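Report on the following structure.
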Amino acid sequence: MTSEKQLRHNVVEILRTAGLDARPVENPIDPGFPDVEYIGGVLELKAVASWPKRSGTPLRLDHYTPEQRIWHARRSRKGGRIHVLLQVGPEFLLFEGLVASEVLGYVSEVELRVRSLAVFPSLSSLRLILARILQEAA
């Protein structure tokens, strides 16, 4: 089963290993604040078990809250480094925060793949490339 807790653990480990001093964040005062903070930015994590059965059906993300969307869009528009990493089954898609706030939960798999910055087919490919992409975005 896909777990955001396991995803957070993996991402923090990947970014720490790359020297980005990542740490998980729990912030009840600001519910829109992303899940992971690292040197150079912040990263929101979302996970779902699988893609919808029909290819044109939007991938629902009911747990991507309006507060998160607003925070991600506002920070992105002000020049902040915000990304959203979406895990669907065994694969991962990385989005810039403003794009994520506009499309996640509303569009199909095909559109999500087109709008993503990167697609990682597995955890091993995420381990190899994620930190480098985030460092280059900074």
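The values are calculated or read from the model by the stated rules, or taken from the named source; none is laboratory data. Note that the structure is predicted; figures quoted are calculated from it, not measured. Every residue, glycine among them, receives a Cβ derived from its backbone with ideal geometry; neighbour counts consider all protein chains shown. We work out accessible area using only protein heavy atoms, side chains counted, and drop any ligands, DNA or RNA first. Shrake-Rupley method; radii C 1.70, N 1.55, O 1.52, S 1.80 Å.
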Would you mind finding the one in ARG113, ARG60, ARG132, ARG75 that is in contact with a helix residue (DSSP H, G or I) (Cβ under 7 Å, 6 or more places away or on another chain) and of a type in the set (D, E, K, R)? ARG75
Residue set LEU93, LEU117, LEU134; condition open to solvent by less than 10 Å² (accessible area, probe 1.4 Å), within 22 Å of ARG77 (Cβ to Cβ) and at pLDDT 95 or above; output residue LEU93
Out of the stretch 70-90, which residues are out of contact with any Leu (no Cβ under 6 Å at 6 or more places or on another chain) and either open to solvent by 30 Å² or more (accessible area, probe 1.4 Å) or farther than 12 Å from GLU44 by Cα (or both)? ILE70, ARG74, ARG75, ARG77, LYS78, GLY79, GLY80, ARG81, VAL88, GLY89, PRO90
Residue check, LYS5 against (1) outside any loop (DSSP other than H, G, I, E, B); (2) at pLDDT 95 or above, all met but one. Which one? (2)
The condition of being small (Gly, Ala, Ser) and open to solvent by 20 Å² or more (accessible area, probe 1.4 Å) holds, among SER101, SER122, only for SER122
Matching option when the condition is over 16 Å from the mean Cα position of the chain (by Cα) and closer than 18 Å to GLU96 by Cα, among GLY32, GLY41, GLY56, GLY79: GLY79
Any idea which of (1) closer than 20 Å to LEU128 by Cα; (2) assigned to a loop (DSSP other than H, G, I, E, B) is the one GLU44 doesn't satisfy? (2)
Search result, residues across the stretch 40-57 that are open to solvent by 50 Å² or more (accessible area, probe 1.4 Å) and in contact (Cβ under 8 Å) with a residue 24 or more places away in the chain: ALA49, SER50, SER55, GLY56, THR57
